[in-house]
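Trainee: Structure incoming, see below.
The values are calculated or read from the model by the stated rules, or taken from the named source; none is laboratory data. Owing to the predicted nature of the structure, the values given are computational and were not obtained by experimental measurement. Cβ: placed from backbone, ideal geometry, glycine included. Neighbour counts: every protein chain shown. Just the protein is used for accessible areas: all its heavy atoms, side chains included, with ligands, DNA and RNA removed. Shrake-Rupley method; radii C 1.70, N 1.55, O 1.52, S 1.80 Å.
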Amino acid sequence: MKKVITFGTFDVFHVGHINILERAASYGDYLVVGVSSDDLNFSKKNRYPIYSQQDRMRIISSLKFVSDVFLEESLEKKLEYIQEHGASVLVMGDDWEGRFDWVKDACEVIYLPRTPSISTTEIIEVVRSIAK
Ligand code: CTP
């Protein structure tokens, strides 16, 4: 069985998230998703996600093309997670282009183009501006 792995925060779930997960799944038979923990997100973006890690994991695990979900607690552990889950392909959005080439000895690394004109950050900003 060919296993694909991908990672992300997937906060305030949107169509760009669906698109990348669906395309990632098409590279194999089994898609496992590392959902960034609340603390990891704080260390990356200096803010906590709107949705809790439990809710984000529940949303991702309910998708029909997602086979398994786990909590990603450290960016440095990518290689361990890949090996632990037996993944032969790592898929990331191209905002990460080149950043995970260092795991290429362990698995194939594919960067897919992002869906244009949508992001969690932008949705939060739009909602904030409407609420003012
Ligand atoms: N993604 C995508 N297209 C978008 C937004 C996100 O393909 N328009 C992908 C990212 O490249 C990543 C995954 O979805 O592989 C999870 O991204 P995440 O950072 O959780 O979503 P963003 O909307 O980019 O969040 P933020 O604005 O907080 O950075």
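Trainee: Please go through the range 53-79 and give me each residue that is out of contact with any strand residue (DSSP E or B) (no Cβ under 7 Å at 6 or more places or on another chain), more than 16 Å from residue 91 (Cβ to Cβ) and open to solvent by less than 40 Å² (accessible area, probe 1.4 Å), ordered by number.
Mentor: Selection gives 74 alone.
Trainee: Next up: Kindly establish whether residue 37 is of a type outside the set (Val, Ile, Thr) and open to solvent by 40 Å² or more (accessible area, probe 1.4 Å).
Mentor: On the way: of a type outside the set (Val, Ile, Thr): yes; open to solvent by 40 Å² or more (accessible area, probe 1.4 Å): no.
In short, no.
Trainee: From the list 91, 109, pick out the single residue that is touching a residue at least 40 places away in the same chain (Cβ under 8 Å), within 15 Å of the ligand (Cβ to nearest atom) and open to solvent by less than 30 Å² (accessible area, probe 1.4 Å).
Mentor: Matching residue, one of 91, 109: 91.
Trainee: Select from the range 1-25 the residues that are more than 10 Å from the ligand (Cβ to nearest atom), open to solvent by 10 Å² or more (accessible area, probe 1.4 Å) and either in contact with a Leu (Cβ under 7 Å, 6 or more places away or on another chain) or without any contact (Cβ under 8 Å) to a residue 12 or more places away in the chain (or both) and list them in ascending order. Spell out the reasoning first.
Mentor: Going residue by residue through the range 1-25, those that are more than 10 Å from the ligand (Cβ to nearest atom) are 1-5, 22, 25.
Narrowing the set further to residues that are open to solvent by 10 Å² or more (accessible area, probe 1.4 Å) leaves 1-3, 22, 25.
Passing the criteria: only 25.
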